[in-house]
Amino acid sequence: MRVGVTLPTFRDDDAAIEAARRVEAAGLDGVFVFDHIWPMGRNDRPALAAFPVLGAVASVTERICFGTLVARIGLRPDDVLVAQLASLARMAPGRLIAGMGTGDSKSAAENKAYGIPPGPPDERRLALLRCGRRVLDLGVPVWVGGGSLATTALAAELGPGAAVNLWAGTSSAVAGLSGRFEVTWGGPVATETAEIALGLGELATAGATWAVCAWPESLDALAEVAEMMRGPHHG
């Protein structure tokens, strides 16, 4: 199982870029950026836009994967979303991962505040399917933001190259899906090395191919666990 982190973008400085450099130097596998206009439920706080941050990450790193977790359908025109992802893929061939989601009631306030109607759920799912196919045709992996049976099913429709991403999903939820298609996980992790190792070990056993951890209290501790998991007993 590969291990990455979400970058600290809910602020108004360049900490995320330095964080990406640190992640690569620490030997982790990837960095990911949320696609929100403001932090969930906090319109009084800043949030850096996902695609400019990822462009900067592509320019200051050489090895790690990077991507959206997740780019929201309906926040921008579909053609613009695909074009932005295609540009990043050209900037750093083989390193982009396109996390894509339909959005939900928790993020609807962002759309409303900026006059961007999200559209009915069934239309958003169809749009994700169309965009996902176009992005897969670019050779870019697509992670579908899971959370409901309907969105999870999109990964199966997209086929090879697509995965389901479960945010804060349990290891049993991962295990329940991993027999049918690729499953990646995202969410917060513990602060102590032993507890991080236990949690990530359970996810790996359940079949997750990635664990994308919310920016950790200790990057060194997370990197230590990731290195241990690459050892002979973890494959």
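Tabulated data for the structure shown
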quantity: Candidate set from region 96-126 (those that are among the β-branched types (Val, Ile, Thr) and in a loop (DSSP other than H, G, I, E, B)); member that is modelled with the highest pLDDT; calculated: THR102
quantity: Enumeration of residues in region 143-170 that are of a type in the set (Val, Ile, Thr) and either touching a residue at least 12 places away in the same chain (Cβ under 8 Å) or farther than 15 Å from ALA208 by Cα (or both); calculated: VAL144, THR151, THR152, VAL164
quantity: Of residues in region 209-231 being hydrophobic (A, V, I, L, M, F, W, C) and under 15 Å from the mean Cα position of the chain (by Cα), the one farthest from LEU7 (Cα to Cα); calculated: TRP210
quantity: Flag if LEU81 is crowded, with 22+ Cβ neighbours inside 10 Å, touching a residue at least 60 places away in the same chain (Cβ under 8 Å) and on the phi < 0 side of the Ramachandran plot; calculated: no
quantity: Number of positions in region 178-196 that are outside any loop (DSSP other than H, G, I, E, B) and of a type in the set (D, E, K, R); calculated: 2
quantity: Enumeration of residues in region 182-203 that are in contact with a Ser or Thr (Cβ under 9 Å, 6 or more places away or on another chain), closer than 20 Å to GLY99 by Cβ and of a type in the set (A, V, I, L, M, F, W, C); calculated: VAL183, TRP185, LEU203
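Yes or no, residue by residue, for (1) closer than 21 Å to PRO160 by Cα; (2) surrounded by 20 or more Cβ atoms within 10 Å (Cβ to Cβ); (3) in contact with a Pro (Cβ under 9 Å, 6 or more places away or on another chain):
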site: ALA19; (1), (2), (3): no, no, yes
site: ALA25; (1), (2), (3): no, no, no
site: ILE37; (1), (2), (3): no, no, no
site: ASN43; (1), (2), (3): no, no, no
site: VAL57; (1), (2), (3): no, yes, no
site: LEU85; (1), (2), (3): yes, yes, no
site: ALA89; (1), (2), (3): yes, no, no
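The values are calculated or read from the model by the stated rules, or taken from the named source; none is laboratory data. Please read all numbers here as calculations on a predicted model, not as lab measurements. No Cβ is skipped: glycine too gets one built from the backbone with ideal geometry, and neighbour counts run over all protein chains shown.
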